[in-house]
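One structure is given here, and the rest of the page talks about it.
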Amino acid sequence: MSRRVYLDHNASTPVHPEVLAEMLPYFSDVYGNPSSIHGFGREAREGMDVARERVAGFLKVSSQEIVFTSGGTESDNFAVKGLAMAKGKGHLITSLVEHHAVLRACRALEAQGFGLTCVGVDEHGMVDPDDVRRAIRPDTLAISIMHANSEVGTLQPIEAIGRIAREHDVPLHVDAVQTFGKLPIDVDALGIDMLSFSAHKIYGPKGAAGLYIRKGTKMVAVQHGGEHERRRRAGTENVAGIVGLGKAVEVRARDMSAEAERLAGLRDRLWNGVRERVADVRLSGHPVHRLPGTASLLFRHVESESIVLGLDLKGIGVSAGSACTSGNVEPSHVLVAMGVPVDWAMGAVRCSLGRSTGAEDIDYVLECVEPLVRKLRQAMPVGAV
């Protein structure tokens, strides 16, 4: 195997060289605890302060509204549970296509007695803002809708949902892990009160992320201990990771626009090439309002895991759109919510492009896909999918 093509950037991205260079001193020379008041601690704190200012500047908010966390999952849990626990009781609204970090956090609260409404989506995976409006009750304490779906790439109508949330004085949390650093985000224009983001989706390190919390939003800490992050998130901060997050944001602010346009062109090249070569294939997600580098392909009468493994043998990394739990392969909850038939949903493959992806990579994938799918379909027992 000589060629390697990575098309799983929605799962994680390689650390940018500029990000790595900025992080390295914090693994060796700058090692103090940022909560310490001596010079060693102040050095570490200064690195975090720069990162916080970079994130705040990117979102055009106050640095005091940024809380650093360990990942998008923690940020989502903090937002949902922190809001709910501040109220003590009430009703939550989310969608059926959210990341499990939001869905399962909401389900956990439901098990504790909170009310929960999960609004559906259309065939493109998009939430209807009117469904959110109709779901609001007098005791609704929060709305949590993602900015873009990581599986199919659909962008949600956050601006419209934000207006509805503000009309009813309900805080809006947005999981923006897949859009932060990839698309412009104006939290004021979109009516966002909390926004989750993560470093490793934008060429930063794993283990560093954050949550924007609009000043005045009533929340309580869900992790207790010391008085870190203005008493909002206890635990010694991952200084090197946070420094990397800040640098990644600075790099994305510089490169984001040009890369989005380039990736959209490569994504279309991939989709057009696949549908020209392979029969019974669909592009899932919204045809227009979607992430620039995401192509979710549905291959009928073939299992997605077989495609992923077959492409892996060719040095190509993509992800499956179905989940294997306890030996049972089931369609993605996102595709089920979209009403995708099982014989299509079981063949879901997500290709997510990034800064290292070139036209020659796409062409290589196209060379490999058609013979692989043809071979798999020939070997598939009739009626198996």
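The values are calculated or read from the model by the stated rules, or taken from the named source; none is laboratory data. Values in this document were obtained by computation on a predicted structure and should not be read as measured data. Positions of Cβ are backbone-derived with ideal geometry, glycine not excepted, and every protein chain shown enters the neighbour counts.
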Does region 109-128 hold any residues that are part of a helix (DSSP H, G or I) and in contact with a Lys or Arg (Cβ under 8 Å, 6 or more places away or on another chain), and which are they? 109
Just need a number here: residues in region 227-243 that are in contact with a Gly (Cβ under 7 Å, 6 or more places away or on another chain) and surrounded by fewer than 21 Cβ atoms within 10 Å (Cβ to Cβ). 3
In region 133-162, which residues are in contact with a Lys or Arg (Cβ under 8 Å, 6 or more places away or on another chain) and not in a loop (DSSP other than H, G, I, E, B)? 141, 148, 154, 155
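Inspect all residues belonging to region 74-94 and state whether any of them is within 18 Å of the chain's Cα centre (by Cα), modelled with pLDDT of 95 or more and assigned to a loop (DSSP other than H, G, I, E, B).
Our first condition is that a residue be within 18 Å of the chain's Cα centre (by Cα); within region 74-94, this holds for 74-80, 94.
Of the ones still in play, those that are also modelled with pLDDT of 95 or more are 74-80, 94.
Add one more test, that the residue is assigned to a loop (DSSP other than H, G, I, E, B), and what stays is none.
For region 74-94, residues within 18 Å of the chain's Cα centre (by Cα), modelled with pLDDT of 95 or more and assigned to a loop (DSSP other than H, G, I, E, B): absent.
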Test result for residue 264, without any contact (Cβ under 8 Å) to a residue 60 or more places away in the chain, under 20 Å from residue 346 (Cβ atoms) and surrounded by fewer than 19 Cβ atoms within 10 Å (Cβ to Cβ): no
Selection within region 287-307 - farther than 22 Å from residue 258 by Cα and not hydroxyl-bearing (Ser, Thr, Tyr): 297, 298, 299, 300, 301, 302, 303, 305, 307
Please state which one of 15, 19 is out of contact with any strand residue (DSSP E or B) (no Cβ under 9 Å at 6 or more places or on another chain), at pLDDT 95 or above and assigned to a helix (DSSP H, G or I). 19
In region 82-108, the residues that are within 16 Å of residue 172 (Cβ to Cβ) and among the basic types (Lys, Arg): 87
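Specify the residue that is farthest from residue 205 (Cα to Cα); the eligible residues are those in region 234-261 that are in contact with a Pro (Cβ under 7 Å, 6 or more places away or on another chain) and of a type in the set (A, V, I, L, M).
Filtering region 234-261 for residues in contact with a Pro (Cβ under 7 Å, 6 or more places away or on another chain) gives 237, 239, 241, 244, 260.
Next, only the ones that are of a type in the set (A, V, I, L, M) stay: 239, 260.
Details: 239: 11, 260: 21 Å.
Filtering first and then ranking leaves 260.
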Here the residues within region 371-385 that are at pLDDT 95 or above and within 27 Å of residue 149 (Cα to Cα) are 373
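Condition check ((1) farther than 30 Å from residue 53 by Cα; (2) at pLDDT 95 or above; (3) part of a helix (DSSP H, G or I); (4) acidic (Asp, Glu)) across all residues:
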| residue | (1), (2), (3), (4) |
| --- | --- |
| 244 | no, yes, yes, no |
| 275 | yes, yes, yes, no |
| 292 | no, yes, no, no |
| 310 | yes, yes, yes, no |
| 314 | yes, yes, no, no |
Would you be able to say whether some residue in region 253-264 is assigned to a helix (DSSP H, G or I), out of contact with any strand residue (DSSP E or B) (no Cβ under 6 Å at 6 or more places or on another chain), more than 25 Å from residue 20 (Cβ to Cβ) and of a type outside the set (D, E, K, R)? yes
Just wondering, is there one or more residues in region 163-173 that are assigned to a strand (DSSP E or B) and buried (at least 23 other Cβ atoms within 10 Å of the Cβ)? yes
Restricted to region 36-65, and to residues that are surrounded by fewer than 23 Cβ atoms within 10 Å (Cβ to Cβ) and of a type in the set (Val, Ile, Thr), which residue is farthest from residue 252 (Cα to Cα)? 37
Of the residues in region 329-346, those that are closer than 30 Å to residue 202 by Cβ, modelled with pLDDT of 95 or more and in a loop (DSSP other than H, G, I, E, B) come to 338, 340
Would you pick out the residues in region 191-226 that are surrounded by fewer than 24 Cβ atoms within 10 Å (Cβ to Cβ) and either outside the structural domain of residue 68 (by TED's automatic domain parsing) or polar (S, T, N, Q) (or both)? 217, 223
How do the pairs read when you match residues in region 90-102 that are farther than 16 Å from residue 196 by Cβ with residues anywhere that are of a type in the set (Lys, Arg), using Cβ under 6 Å and keeping only pairs 6 or more apart or on different chains? 91/137
Has region 292-313 got any residue that is in contact (Cβ under 8 Å) with a residue 40 or more places away in the chain and surrounded by fewer than 18 Cβ atoms within 10 Å (Cβ to Cβ)? yes
Considering region 359-379, residues that are touching a strand residue (DSSP E or B) at 6+ places or on another chain (Cβ under 7 Å) and farther than 13 Å from residue 299 by Cα, and then whichever is surrounded by the most Cβ atoms within 10 Å (Cβ to Cβ), we arrive at 365
